[in-house]
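First comes the structure, then the notes that go with it.
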Amino acid sequence: MAKKRVWTAGCAVLILLLTCTVLSMRVEKMMRIEVETVTAVKEEQDSELAKIPISCYNEDKSSFFYAHERKGLFGAELVAVKKESYPIDEEEEMALIVYTEGFDSTGMKPLKIVSQSSWPLEEGDLLVLKEDREVDVVKQIQILACFTAILLPGILLLVRCVKRFSDLRDGNWKAGIESFIIIGIWLGSIFSLTGKLDIPREYLPPEYILDIGFYINEIQEFKLLEYYGRELLICIVCVGFIWFGSILAVFFCCTYRKSRKSK
Amino acid sequence: MVRIKRQKRVIFFLILAAVLFFPVIYMLICSVWKGVDAGLSFMSYYDVFLESPGYLVKFWRSLGMCLLISAGQTVLACMAGTAFAKYSFIGKKIWLVVMALFMVLPIQVTLLPNYILLEKLGFLNSWKALIIPGIFSPFGTVWLTFIFRSLPNEWLDAARLDRANQLQIIRYIIVPASKPAIVTLFVLVFVESWNMVEQPVIFLEEQLDYPLSVFLAGVAQNSIGIQSVCGLLCLLPVTFFFLYYHTELTDGLRDTLWS
């Protein structure tokens, strides 16, 4: 009995960790701060000075950030690196800096200096270069609704999977394979659904994606309910129906099983 | 009198348990306690489990590597152990002594020869450098040789009379009869490879390739919360194996003592 409990708990933790892994891949991608970069331009060919826009400098005007490319777990990634630098002089909207400060250690490759970012940067933040794109708000609402809709049925199915996994211990391979398939479908669906989400970084919280207060503020500020109230209502009703349906299905399954057992 | 003695024993074991569990309890507290000003917070769990896949990917990769090493060494040790325990061949005793000698050598002694060998095989800077020497470690073979020796030869003879081949003898006679010892070996090898530190540092160049055991040392050094959560993550597989196989572990270790 104790073994069965440990096995069940182990399976539950395993599924939870797998789900977290898939979600964290997407969260990291979504939370990358969008930046626009510029490169330092030499004043003259043999000059020791270079120009960068003054807007690149942080508030204290003693440093700026540049996007450094490094090897990440899933290939190359851009990361924010702070560089101490003081402008020698200011000309209109440009700052004059020592030539070497705008280039890498070899002095050959210009640094990708951040001129604009969707949120204030900190050292080590993951970055992504900003692209001009149009966001279809309705589509994003629909994807979010789909994601929310599959949450409850998914969790209920996973609970069933955990139970079925205990049959695997007794040599019931069919139950094990069935559970593996359900877990695969669950992971695949959350991976693909969250992959379709394309929310501009400025509409996501600066630090934590689960910052509920931020979302409430955003909804009020952008009057989402006013502009997309109909779409939101349809999505909420659909999600409600799916959740209610899953609870009903579970209820009927339990009742049916109980009645079969009593017979 | 007996009751007082019993109470004293309970108190003693409770204190002992508290001392042994202190690091885990400390980690649990540190993972949620952010100081007097901030109070309780689960942000460290968010950082490790949701903010970035780095920790979990390392966890899965390390888990895969350790399972591969444990399974590989267990299978190999079952076959080699059977050969040493139940068959006769030239130099059997010398080979066993050599293996036992290699088993007792400290890891630091074998690191350099292993490094040279792995370099010549072209396995350096890849996980093959950790998996291959792990699978071919002599510990399992020596361990199971002593266990298999205690099995009666008549069982094997009876199986041969029933026309069982060598693999069938191992699969249907030797393995089920020594299940606790084999499970114990699997768990011990898993724990050893899960806690591997020296080999990754020497054989791997890229810090990104390090398994969780090494990666843990350099993880967010300014955040004790993240370190604690990573520590708890590290505890999960070992705790699972210990809780799930604790009867086999007890039996396996007892069998070894008897053998």
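All of the numbers you see were taken from the coordinates with simple rules; none came from a lab. Just so we're clear, the structure is a prediction, and the values are computed from it rather than from any experiment. Positions of Cβ are generated from backbone atoms using ideal geometry, with glycine treated the same way; all protein chains shown enter the neighbour counts.
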> Label points 7 Å out from Cα along the Cβ direction at residue A:189 and residue A:60: separation in nm?
Replying inline: 5.0 nm
> Projected onto the charge dipole of chain B (+1 at Lys/Arg Cβ, -1 at Asp/Glu Cβ, origin at the Cα centre), which of B:131, B:188, B:17 gives the Cα projection farthest towards the positive end?
Replying inline: B:17
> How much net charge surrounds residue B:180 when only the other residues with a Cβ under 10 Å from the Cβ of residue B:180 are counted, with Lys and Arg +1 and Asp and Glu -1?
Replying inline: -1
> Given R₀ = 22 Å, FRET efficiency for residue B:253-residue B:22 by Cβ-Cβ distance, to 0.05?
Replying inline: 0.30
> Under a point spin-label approximation (7 Å from Cα along Cα-to-Cβ), what is the residue A:91-residue A:215 distance to one decimal in nm?
Replying inline: 5.0 nm
> Just in the range A:1-101: which trypsin sites (Lys or Arg not before Pro) are loop by DSSP and have at most 14 other Cβ atoms within 10 Å?
Replying inline: A:61
> Given R₀ = 56 Å, FRET efficiency for residue B:197-residue A:262 by Cβ-Cβ distance, to 0.05?
Replying inline: 0.45
> Residue by residue, what Karplus-based ³J(HN,Hα) values in Hz, rounded to whole numbers, does the range B:150-155 have, using 6.51, -1.76 and 1.60 with θ = phi - 60° and x for Gly and Pro?
Replying inline: 6, 6, x, 5, 4, 4
> Alpha carbon centre of the range A:137-168 versus the range A:201-216: separation in Å?
Replying inline: 23 Å
> Taking the Cα centre of the range A:67-151 as origin and charging only Cβ (+1 Lys, Arg; -1 Asp, Glu), how large is the dipole, in debye to the nearest 20?
Replying inline: 620 debye
> What dipole magnitude, in Debye to the nearest 20, does the protein assembly as shown give about its Cα centre under +1 on Lys/Arg Cβ and -1 on Asp/Glu Cβ?
Replying inline: 5200 debye
>> What distance in nm lies between label points placed 7 Å from Cα along the C-beta direction at residue B:87 and residue A:29?
In response: 5.1 nm
>> What do you get for trypsin sites (Lys or Arg not before Pro) in the range B:140-230 restricted to DSSP loop and a cutoff of at most 13 other Cβ within 10 Å of the site's Cβ?
In response: B:163
> Once phi is turned into θ = phi - 60°, what whole-Hz ³J(HN,Hα) does the Karplus curve with 6.51, -1.76 and 1.60 give for every residue of the range B:243-249, x standing for Gly and Pro?
Replying inline: 5, 6, 10, 5, 5, 5, 4
> Quick one: if the Förster radius is 22 Å, what FRET efficiency do residue A:130 and residue A:74 give, using the C-beta to C-beta distance and rounding to 0.05?
Replying inline: 0.60
>> Looking at chain A, identify the longest residue range that excludes and avoids all GluC sites (Glu not before Pro) in DSSP loops having at most 16 other Cβ atoms within 10 Å.
In response: A:135-206
>> Can you return the lysines within cross-link range of residue A:4? Criterion is Cα-Cα under 26 Å, with same-chain partners fewer than 8 residues away left out.
In response: A:163, A:174, A:258, A:261, B:179
> How big is the gap, in Å, between the Cα center of the range A:65-98 and the Cα center of the range B:1-29?
Replying inline: 56 Å
> To the nearest 10 degrees, how steeply does helix B:92-104 sit against the main Cα axis of chain B, on a 0 to 90 scale?
Replying inline: 10 degrees
> Cα to Cα, under 14 Å, and not fewer than 8 places away if on the same chain: which aspartates and glutamates meet these conditions relative to residue A:109?
Replying inline: A:69, A:101
> About its Cα centre, how strong a charge dipole does the range B:58-128 have in debye, to the nearest 20, once Lys and Arg get +1 and Asp and Glu get -1 at the Cβ?
Replying inline: 120 debye
>> Students often check this: by mean Cβ neighbours within 10 Å, which of A:144-157, B:81-94, B:225-238 ranks highest, and how do the rest follow?
In response: B:225-238, A:144-157, B:81-94
>> Just to be sure I understand the rule: take each whole DSSP H helix in chain A, project its Cα atoms onto its long axis, keep it if the span is 30 Å or more and its mean Kyte-Doolittle hydropathy is at least -1.0. Which ones pass?
In response: A:2-30, A:137-169, A:173-196, A:224-262
>> Along the charge dipole of the protein assembly as shown, pointing to its positive end and built from +1/-1 on Cβ of Lys, Arg, Asp and Glu, which listed residue (B:113, B:146, B:74) has its Cα farthest out?
In response: B:146
> Looking at chain B, which longest stretch skips every one of the GluC sites (Glu not before Pro) that is in a DSSP loop with at most 14 other Cβ atoms within 10 Å, leaving the sites themselves out?
Replying inline: B:1-204
> Cα gyration tensor of chain A, axes a ≥ b ≥ c as square roots of the eigenvalues: rounded (a/c below 1.5), prolate (a/b > b/c) or oblate?
Replying inline: prolate
> If you keep only loop residues by DSSP, which chymotrypsin sites (Phe, Trp or Tyr not before Pro) in the range A:183-263 have at most 15 other Cβ atoms within 10 Å of their Cβ?
Replying inline: A:222
> Taking each residue of B:231-244 in turn, how many C-beta atoms of other protein chains fall within 10 Å of its C-beta, and what is the average?
Replying inline: 3
> For chain A, what is the relative contact order in percent, using Cα pairs closer than 8 Å and at least 6 residues apart in sequence?
Replying inline: 22 percent
> Counting partner chain Cβ atoms within 10 Å of every residue's Cβ in A:3-14, what's the average?
Replying inline: 3
>> Nearest 500 deg cm²/dmol is fine: what mean residue ellipticity at 222 nm does chain B get from its DSSP H runs of n ≥ 4 alone, each adding -39,500 (n - 2.57), divided by its residue count?
In response: -23500 deg cm²/dmol
>> Tell me the angle of helix B:107-121 to the major Cα principal axis of chain B, expressed in degrees between 0 and 90 and rounded to the nearest ten.
In response: 80 degrees
